[in-house]
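Read through the structure below, which is laid out as structure tokens, and then see the notes.
The values are calculated or read from the model by the stated rules, or taken from the named source; none is laboratory data. Since the model is a prediction, treat every value here as computed from it, not as a measurement. Cβ placement follows ideal geometry from the backbone for every residue including glycine, while neighbour counts extend to all protein chains displayed.
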Amino acid sequence: MLGFNVLGSHSEPVIGPNIPRSQDPKIGHFNGALVTVGIPRRSRTVAIVLPTHNRSHLVGRAIKSVLAQTHTAWELLVVDDGSTDSTRDVIAGFHDPRIRYLRNEQPSGPSGARNTGILAAPPSDFLAFLDDDDEWLPRKLELQLDVFETSPVPLAAVGCGRIEYSGGEPEIHVPQYRGEVFEHLLARRARGYGAQLIVVRRQPGVKDLLFDTDLRCLEDLDYSMRLARLAQFDYVPEPLARLYRDYGGTHAWNAEAAIRGYEQLERKHERELDSRPSVRSYYYVCMAHNLAKLRRMRECRQRLRQALPGSRERLRLFSWYAAALIGTVAVRAVARFLPIRPPKESPAPPRAN
């Protein structure tokens, strides 16, 4: 067992002569409770959860990126999710008392492993997540915590941009949506709020939100959507993480997993999607695209037919369907030249009480 150093406890709101007037916490609402708006610098502790499974050749890079953070008030919980390689030895090679090793004897998947870390996390002001094949840039925590500190409203989470490596030239993606982002997340418009990109604010006396273990893909989208119902989101408008899709191993995000993830997400959020037909149509398009990658063309065409009634891009859908009659290569080509994007913004229907 590696060293364990408790970071401290949740801070209580403090207003008094020892705090300059400019730093007096304001009061706002988070998940129905009164909370302070803005976080004093002296109480910015972060519990970081890093799940890993048979990635001994990668997890060290992720850990090093945490050690390189300019913000140093953190504890890292590395959750070994039933690895059978040398993962434990790699982690034991880091001699920092802020690193804690946890192990699930049986693999529980990304959601289960993250939940193990969340439930074992010591008291802290924030939670953050990092995947074992990714890495953070050095100022990630510092800049995101600064957003919490200066925000005029209570925030549930702060995201950031990313640099993505998928085999070609690196691509930079920067978020565009802040504030009330549930609708944007549901429609797949909002980027920058994946698990490894966000820092989540914890509340004293309130149980931490857990990941849905039934979801093996898109589980972080579901997590962020549930979080977005509690309070607003914000982001740092620059890339603060490197996400790797090109290391050559089996990745949690693959065509088969994506199809199942969209199917599960559609069932879980059926109520919301019933009143947002264009969003449901886009989910069907995403399923069809991944079915084509697997050469399951009959199912691909079926999903495209399902997408048609709610689609705002019917001409493109017809082109996709014609391509699906030819085969995988044709679908790949039409998806490149006639992409179907997430539906544009529209007035959100009222939420049921």
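Being in contact with a helix residue (DSSP H, G or I) (Cβ under 7 Å, 6 or more places away or on another chain) and in contact (Cβ under 8 Å) with a residue 12 or more places away in the chain: is that true of V206 here? I'd like the intermediate steps shown before the answer.
Numbers: in contact with a helix residue (DSSP H, G or I) (Cβ under 7 Å, 6 or more places away or on another chain): no; in contact (Cβ under 8 Å) with a residue 12 or more places away in the chain: yes.
Here the answer is no, as V206 does not meet what is asked.
Would you check if Y235 is farther than 14 Å from G261 by Cβ and either part of a helix (DSSP H, G or I) or among the aromatic types (F, W, Y) (or both)?
Working: farther than 14 Å from G261 by Cβ: yes; either part of a helix (DSSP H, G or I) or among the aromatic types (F, W, Y) (or both): yes.
Answer is yes for this residue.
Quick check, is G60 surrounded by fewer than 18 Cβ atoms within 10 Å (Cβ to Cβ), in contact with a helix residue (DSSP H, G or I) (Cβ under 7 Å, 6 or more places away or on another chain), of a type outside the set (D, E, K, R) and more than 23 Å from L209 (Cβ to Cβ)?
Values: surrounded by fewer than 18 Cβ atoms within 10 Å (Cβ to Cβ): yes; in contact with a helix residue (DSSP H, G or I) (Cβ under 7 Å, 6 or more places away or on another chain): yes; of a type outside the set (D, E, K, R): yes; more than 23 Å from L209 (Cβ to Cβ): yes.
When the stated conditions are applied, G60 passes them.
So which residues in the range 305-353 are among the hydrophobic types (A, V, I, L, M, F, W, C), modelled with pLDDT under 95 and surrounded by 13 or more Cβ atoms within 10 Å (Cβ to Cβ)? Can you show your working first?
The initial filter retains those residues of the range 305-353 that are among the hydrophobic types (A, V, I, L, M, F, W, C), namely 307-308, 315, 317-318, 320, 322-326, 329-331, 333-335, 337-338, 340, 348, 352.
Subset that is modelled with pLDDT under 95: 348, 352.
Across the range 305-353, the qualifying residue is only A348.
Going through A292, A258 one at a time, which residue ends up being crowded, with 17+ Cβ neighbours inside 10 Å, small (G, A, S) and over 20 Å from the mean Cα position of the chain (by Cα)? Walk me through how you get there before you give the answer.
Working: A258 fails: over 20 Å from the mean Cα position of the chain (by Cα).
Just one listed residue meets the conditions, A292.
Under the condition of being modelled with pLDDT under 95 and not aliphatic (A, V, I, L, M), which residue from the range 38-95 is nearest to the chain's Cα centre (by Cα)? Quick ask: steps written out before the conclusion?
Taking the range 38-95 as the starting set, the residues that turn out to be modelled with pLDDT under 95 are 38-44.
The next check asks that each one be not aliphatic (A, V, I, L, M); those that pass are 38, 40-44.
Numbers: G38: 23, P40: 25, R41: 25, R42: 27, S43: 24, R44: 21 Å.
Once the filter is applied, the top-ranked residue is R44.
Of the numbered conditions (1) more than 27 Å from E266 (Cβ to Cβ); (2) assigned to a helix (DSSP H, G or I), L221 satisfies every one except a single condition; which is it?
So the condition that L221 fails would be (1).
Could you tell me how many of the residues in the range 61-87 are touching a strand residue (DSSP E or B) at 6+ places or on another chain (Cβ under 6 Å) and more than 21 Å from K140 (Cβ to Cβ)? Quick ask: steps written out before the conclusion?
Restricting attention to the range 61-87, the residues satisfying the condition of being touching a strand residue (DSSP E or B) at 6+ places or on another chain (Cβ under 6 Å) are 61-62, 65-66, 74-82, 87.
Imposing the further condition that a residue be more than 21 Å from K140 (Cβ to Cβ) reduces the set to 80-82, 87.
So the answer is 4.
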